[in-house]
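I am attaching a structure below and will ask some questions about it afterwards.
The values are calculated or read from the model by the stated rules, or taken from the named source; none is laboratory data. Source: prediction; values computed, not measured. Neighbour counts are summed over all protein chains in view; Cβ atoms, including those assigned to glycine, are modelled from backbone coordinates with ideal geometry.
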Amino acid sequence: MPTLTWDTELAKQAGNNARSCVFAHDKCRNTPVYSWSGQNLYISQFYGMTKTIESLLQEGISGWWNEYKVTTQAQLNRYPQTSPSQAIGHFTQMASDQSNRIGCAMQYWLDGSWKTYYLVCNYGVTNVIGTPVYKSGPVASACTTGRNPLAGLNGLCSTAESITPVPNPTVTSG
């Protein structure tokens, strides 16, 4: 499993979406380097209270990751063609072994008395219908450059790990 590392190009594209202030997947996030990029979105609107950027990031990222609770092994073995009854695409995007790059941006605006924060994260590769989200096997068994020493016991590959993404004839976003 590759370690996700920050990518300025993906962050710039995420910023373009976030600055639109429209909560929707954008069609223009792909670039010459990332022709099949994936995307996770989170929006938080509230009034009469204050939240820190850290708490907003935690809410968004935890919400995406917590989709693992409704994701089946069959869906991990073969990303589904049809949308499941509950969202899984944000989690599968984060857990994919096809992506090792991420870039995010957050936009804030005031709509009357409503504070709105919009988080966009772009990934190097999106979910690919009909392919495994990740290959099963012993922890870090597919790492060719060793484990990431900062990742502790979680089995992520070093940041030098190169991946060859699955060709993506059909694109879907998380």
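Assuming F23 fulfils every condition listed in (1) modelled with pLDDT under 95; (2) over 13 Å from G124 (Cβ atoms) apart from one, which condition is it?
Failed condition: (1).
Now, a different point. For N40, which of the numbered conditions (1) in contact with a Gly (Cβ under 9 Å, 6 or more places away or on another chain); (2) among the polar types (S, T, N, Q); (3) in contact (Cβ under 8 Å) with a residue 24 or more places away in the chain; (4) exposed (fewer than 15 other Cβ atoms within 10 Å of the Cβ) fails to hold?
Looking at each condition in turn, N40 falls short on (4).
Also, I was wondering about something else. Which one is surrounded by the most Cβ atoms within 10 Å (Cβ to Cβ) among residues in the stretch 121-142 that are modelled with pLDDT of 90 or more and not in a strand (DSSP E or B)?
It comes out as T126.
Can you find even one residue in the stretch 89-107 that is surrounded by fewer than 17 Cβ atoms within 10 Å (Cβ to Cβ), in contact (Cβ under 8 Å) with a residue 12 or more places away in the chain and more than 26 Å from A18 (Cβ to Cβ)?
no
Go through (1) under 13 Å from the mean Cα position of the chain (by Cα); (2) within 15 Å of N127 (Cβ to Cβ); (3) not in a helix (DSSP H, G or I) one by one and return the number of the condition G103 breaks.
Failed condition: (2).
Another question, then. Can you list the helices (runs of 4 or more DSSP H) found entirely within the stretch 1-84 that contain at least 3 residues being over 21 Å from S99 (Cβ atoms)? Even if it seems obvious, please write down each step before you answer.
Details: elements: 8-18, 53-65, 73-77.
By residue number, 53-65.
What number of residues within the stretch 47-87 satisfy the criterion of being hydrophobic (A, V, I, L, M, F, W, C) and touching a strand residue (DSSP E or B) at 6+ places or on another chain (Cβ under 6 Å)?
2
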